[in-house]
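Step one of this worksheet: look at the structure below.
Coordinate-derived values only; no laboratory data. Everything numeric here is computed off the predicted structure, so don't read it as measured data. Cβ sites come from the backbone with ideal geometry, for glycine too, and all protein chains shown count toward neighbours.
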Amino acid sequence: MSANQGVGLFISFEGIDGAGKSTHIAGLAEALSSKGCKVTLTREPGGTGLAEKLRGLILNDAMDALTESLLVFAARRDHVETVIRPALAKGEVVLCDRFTDATFAYQGAGRGFDLQTLSTLETWVQSQAEQVLQPELTYWFDLSPSLAAERLASARVPDKFESQPVAFFEAVRSGYAARAQADPQRFARIEANQSREAVFAEVIAVAKERGYL
Ligand code: TMP
């Protein structure tokens, strides 16, 4: 485990809307818990009272990309300081449904916001003792945007992001691909166009390879 995370383990889960990550996060949490790990299950934007309020604005209110990025990072700051770091310091496993890669993918690649500014915000918000907090492992559930759109069509009422056209999700997907390429050790790409059982088997296999299970 890397030095900037104390004794805990930080894992994030990413992918375009409709990629189907949620059930697998719960499944991995259960597998880790049954091995005796204390698991904190959380999400972004959100994970604290304040950040959940910001989530409501981010997902439902129209705003420019800078405002959106600032709100996402404000929510993240509160979440990192009050939930993620304290849990890692206690040696817990933190499973986080989305983290900063989503900002690079959605606000950066999707909305076309300046990546350098996002990097600056990332450093401000996630730094402590000159180290930038990052997940040790990021599962990237990768699925073609047209398939994801089919899945979403039968799901709940779409929020601001979920109602974006397929072209937006093509850009978001390329944003994830760029982040994965820049940090291949951290990322595990999961082929999400498989049965739920096959996807979960991949999730578990990655955790075993890394020695977490
Ligand atoms: P969720 O539906 O998977 O919980 O994700 C919430 C939405 O927020 C999803 O459409 C992606 C978006 N999002 C961003 O645009 N930027 C971010 O930094 C994060 C964490 C999420």
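Numbers for the structure displayed
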| quantity | calculated |
| --- | --- |
| Gain on full stretching of the segment that runs from residue 26 to residue 147 - 0.36 nm per residue minus C-alpha separation | 41.3 nm |
| Qualifying trypsin sites (Lys or Arg not before Pro) in the range 125-175, DSSP loop, other Cβ atoms within 10 Å at most 12 | 156 |
| Radius 11 Å from Cβ of residue 169, net charge of other residues (Lys, Arg +1; Asp, Glu -1) | -2 |
| Net charge dipole size for the chain [Lys, Arg +1 and Asp, Glu -1 on Cβ; Debye, nearest 20] | 440 |
| Helical mean residue ellipticity (222 nm; -39500 (n - 2.57) per DSSP H run of 4+; nearest 500) of the chain | -14000 deg cm²/dmol |
| Rel. contact order, % - alpha carbon contacts under 8 angstrom, at least six apart, the range 115-213 | 33 |
| Cα-based shape type of the range 1-150, given that a ≥ b ≥ c are square roots of the gyration tensor eigenvalues and the cut on a/c is 1.5 | oblate |
| Placed amide H near residue 190: partners under 5 Å, 5+ positions off or other chain | 140, 141, 142 |
| The range 9-209: relative contact order as a whole-number percent, Cα under 8 Å and 6+ apart | 32 |
| Filter on 21/53; 35/90; 53/208 - keep pairs with C-alpha separation over 25 Å | 53/208 |
